[in-house]
Ligand code: SF4
Ligand code: SF4
């Protein structure tokens, strides 16, 4: 019996060493200097432990009473620790309800897109009818907004953080953002059936069961490039009450009421590449944001068109045309949980995603919201709040705003910082422990993190040790380095 235990012990230590080695390699892949040093120390420690164990076997230590007792105690402690790390604890009762678990009042008002900082900065020009109307109704924003306008361009100068060297990156960012712009016309976001199909399909709805429609749409979205797809029953609260962010010249749409026309939302998430986020807040992060906004528009518009071709109504929601709020829809579609920084955190990519959606009246089968431990993790972590350069992320508890229980990001100061540096910053996204690359050890850590509170506390501490409480930004990818592009 003791010999079997000795062999299992040796195998266990060897497996531990392999995991340690894989973590060391993962840190190299991630180009995390501090983590490489910490992981190498950890691996050397594991190697020495394994070596000592082999020496003990050779010297017959485990044939003695003291050796057997030591082995048994180590076995019991290890088994107990492993059990505590692996066991699945009770689900978070709020989180498994999706956004319904966050609503604390019956009189929650729908959000008005005109009040968002993007709509105010982008669409309210002094001297226009919209400017007068909006500030007459919302004087609380006027002083702040006018002060921002007085400083110059309200949206900031693109790429200013990397000037004079970042202009090529700005050009790339703008190239990506042109696609959602092209795809924001009414006939693209609320498509009619394709002309050649009109006769056969448009007059009657295609007979398809909700199960088949859900499977087909998910498969189609994935083949178009979506990394995650989920379906939610559309809560009318997450449909904006009025349009406010108008990107083309059709300002007559500004202030139009948005009807709640649909019952379902198909939500798509696209992964933002780890390497591109690593140098945030520098310009590559904005290229990556825009690249994925473009991808989201490409997917949403085609899925909306597919639904229209089946004879149902659909609206594509993407970077240049929103009728609904994306994060609550994604929570209800089971793609992840709401975090301290206000982004959705997915199990697969953390907050490194961009979202788009299609709302529709085509009957579908909704997915269930998920509990992956984000709320608990955010309560202990606070890394984004500590690292946010504008102090926009709260480091305290959630509060109730408009009847919704959540951490309240200060969108005004966050946006002002974007204007100052000329990118969408993403420092919070970069430092979040859920954002690590999808390597084997990080997948393993996530698999444990979602299971129980002890794992979350352990891995939160380990993240501080390996990556630092305030992780340093990485160099930008070589092809996007800050070389002067205009030779004098
Ligand atoms: S950095 Fe920490 S506190 Fe912030 S969102 Fe990520 S897990 Fe939550
Ligand atoms: S994007 Fe930047 S400024 Fe805005 S909340 Fe995140 S870290 Fe703060």
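The values are calculated or read from the model by the stated rules, or taken from the named source; none is laboratory data. Everything quoted here is computed from the prediction, not taken from an experiment. Cβ sites come from the backbone with ideal geometry, for glycine too, and all protein chains shown count toward neighbours.
Condition test on residue 471, is it within 16 Å of ligand 2 (Cβ to nearest atom), touching a residue at least 40 places away in the same chain (Cβ under 8 Å) and surrounded by 19 or more Cβ atoms within 10 Å (Cβ to Cβ)?
Here the answer is yes, as residue 471 does meet what is asked.
Need the failing condition index for residue 208 against (1) at pLDDT 85 or above; (2) not in a loop (DSSP other than H, G, I, E, B), just the number.
Residue 208 satisfies all of (1) at pLDDT 85 or above; (2) not in a loop (DSSP other than H, G, I, E, B) except (2).
Filter the stretch 419-458 down to the residues that are without any contact (Cβ under 8 Å) to a residue 60 or more places away in the chain and within 14 Å of the chain's Cα centre (by Cα) and list them by number.
431
Kindly establish whether residue 364 is within 16 Å of ligand 1 (Cβ to nearest atom) and at negative phi.
So residue 364 does not fit the description; no.
Yes or no: residue 170 over 22 Å from the mean Cα position of the chain (by Cα), assigned by TED's automatic domain parsing to the domain that holds residue 313 and surrounded by 17 or more Cβ atoms within 10 Å (Cβ to Cβ)?
yes
Out of the residues in the stretch 407-442 that are in a loop (DSSP other than H, G, I, E, B) and buried (at least 22 other Cβ atoms within 10 Å of the Cβ), which is farthest from ligand 1 (Cβ to nearest atom)?
Restricting to residues being in a loop (DSSP other than H, G, I, E, B) and buried (at least 22 other Cβ atoms within 10 Å of the Cβ), the top hit is 422.
Please state which of the following conditions residue 394 fails to meet, knowing it meets all the rest: (1) within 21 Å of the chain's Cα centre (by Cα); (2) more than 14 Å from ligand 1 (Cβ to nearest atom).
All conditions pass for residue 394, except number (2).
Looking at the stretch 236-254, which of its residues are in contact with a helix residue (DSSP H, G or I) (Cβ under 7 Å, 6 or more places away or on another chain) and buried (at least 20 other Cβ atoms within 10 Å of the Cβ)?
Listed by number, the residues that qualify are 238, 240, 243, 244, 245, 246, 254.
Which ones in the stretch 375-391 are outside any helix (DSSP H, G or I) and either closer than 16 Å to residue 472 by Cα or within 8 Å of ligand 1 (Cβ to nearest atom) (or both)?
Passing the criteria: 382, 388, 389.
Looking only at the stretch 14-29, count every residue that is surrounded by fewer than 20 Cβ atoms within 10 Å (Cβ to Cβ), in contact with a helix residue (DSSP H, G or I) (Cβ under 8 Å, 6 or more places away or on another chain) and either in contact (Cβ under 8 Å) with a residue 60 or more places away in the chain or not in a helix (DSSP H, G or I) (or both) and tell me the total.
So the answer is 2.
Across the stretch 385-406, which residue is surrounded by the most Cβ atoms within 10 Å (Cβ to Cβ) among those that are touching a residue at least 40 places away in the same chain (Cβ under 8 Å) and within 11 Å of ligand 2 (Cβ to nearest atom)?
393
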